[in-house]
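Here is the structure we will look at, set down as structure tokens.
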Amino acid sequence: MKILFVCTGNTCRSPMAAAIAEQKLSQAGRDDIQVDSAGLAVFGADPAASNAIEAMAGMGVDLKAHRSRALRFDELPSTDWFVAMTPSHAAALSSAGVSPDRIYVLNVPDPFGGNLEVYRQSRDQISTAVDRFLKEVLSCD
């Protein structure tokens, strides 16, 4: 199974969400699930935002090697779940041909430009939302 977390620039929310999901799935012994992230408006291979890196380090996750990447159309058929950060990301995925029954929305506002505390709050909100997704959709505890 493949899960793709999607946001706008792939430097904040989606890489944090993918890393959190990987950590939780590893703890649950679910090595059968591939997790990745991508953005809808990516123009280069940018690193994760420095505050995202620092916020994730606080939970033992290293995002220093992350580089942003754009969602590719060839990924659409091979991805089982698209986890969008907002309803507008979900709408863009749907417009690209992704079936709505393969899209899950976390409803996480963009922390871009915020201070470290804003990123920590975003990380915690993402963590809670990823937990909900994994329980509701994948029956992972």
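The values are calculated or read from the model by the stated rules, or taken from the named source; none is laboratory data. In this text the structure is predicted, and so the values were computed from the model without any measurement. With ideal geometry, Cβ positions are generated from the backbone for all residues, glycine too; neighbour counts draw on all protein chains shown.
Which count do you get for residues in the range 113-141 that are modelled with pLDDT under 95, buried (at least 16 other Cβ atoms within 10 Å of the Cβ) and not in a helix (DSSP H, G or I)? Of the residues in that region, 1 qualify. Counted as qualifying within the range 1-112 are the helices (runs of 4 or more DSSP H) with 3 or more residues that are surrounded by 21 or more Cβ atoms within 10 Å (Cβ to Cβ) and small (Gly, Ala, Ser), namely 13-27.
Would you confirm, using the coordinates I've provided, whether Ala41 is modelled with pLDDT of 95 or more, more than 14 Å from the chain's Cα centre (by Cα) and within 14 Å of Arg13 (Cβ to Cβ)?
Details: modelled with pLDDT of 95 or more: yes; more than 14 Å from the chain's Cα centre (by Cα): yes; within 14 Å of Arg13 (Cβ to Cβ): yes.
Judged against the criteria, Ala41 is a match.
For the range 37-57, filtering for residues that are in contact with a Pro (Cβ under 9 Å, 6 or more places away or on another chain) and in contact (Cβ under 8 Å) with a residue 60 or more places away in the chain leaves 5.
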